[in-house]
1. Please verify whether region 69-77 includes one or more residues that are closer than 17 Å to TYR21 by Cα, surrounded by fewer than 14 Cβ atoms within 10 Å (Cβ to Cβ) and not hydroxyl-bearing (Ser, Thr, Tyr).
2. From the residues in region 66-85 that are under 17 Å from LYS35 (Cβ atoms) and part of a helix (DSSP H, G or I), which one is nearest to the chain's Cα centre (by Cα)?
3. Just to be sure before I move on: is MET60 touching a Leu at 6+ places or on another chain (Cβ under 8 Å) and either at pLDDT 90 or above or surrounded by 17 or more Cβ atoms within 10 Å (Cβ to Cβ) (or both) in the structure I sent?
4. Counting just the residues of region 33-57 that are within 15 Å of PHE85 (Cβ to Cβ), in a helix (DSSP H, G or I) and of a type outside the set (Gly, Ala, Ser), which one comes out modelled with the lowest pLDDT?
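The values are calculated or read from the model by the stated rules, or taken from the named source; none is laboratory data. Predicted model only: the values in this text are computed from it and were never measured. Neighbour counts run over all protein chains shown; Cβ positions are idealised from the backbone, glycine included.
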Amino acid sequence: MARVALSTKMTPKSVGPAVTYTRDDLVGVFNRHDKNKDGRLSISELKEAFEQIGSRWPPMRAFLELLHADENHNGFIDKEEFEKFIDHVLKNLKKRTVGEILMFSL
C-alpha cells in the first residue's frame, strides 16, 4: 500500500522530517474530524485535520484543499471528494516529490 509522506518542514528540494500515512490512515483522519458525522468536513474540521497530521500552515492548507477538492462548491469536502483528493496525491507521488505535490497540487 502506498504511503504519503507529510512533512512539517518543506522546501522544494527536501521535505524534511516526514511522517507517512496510508490511504486508510488519511480516510481515518476524515472520519475522526467529521465531528457532527454529516459525511463532510467544514473548513474548521479540515483545519483540525491538517493540525493533527502536522501541516505547517493548517488554516491555509484547509482553505487550499477546500478550493481544490470541493467539486460541488458547497463549502464542504464530502468523503468522496476527500478520497478523490487522496487518490490524486498518491497518483502524483510517482511523478514529483512529495514536497512539490503538497506545495503545488492543493
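1. Within region 69-77, not a single residue is closer than 17 Å to TYR21 by Cα, surrounded by fewer than 14 Cβ atoms within 10 Å (Cβ to Cβ) and not hydroxyl-bearing (Ser, Thr, Tyr).
2. Out of the qualifying residues, it is PHE82.
3. no
4. PHE50
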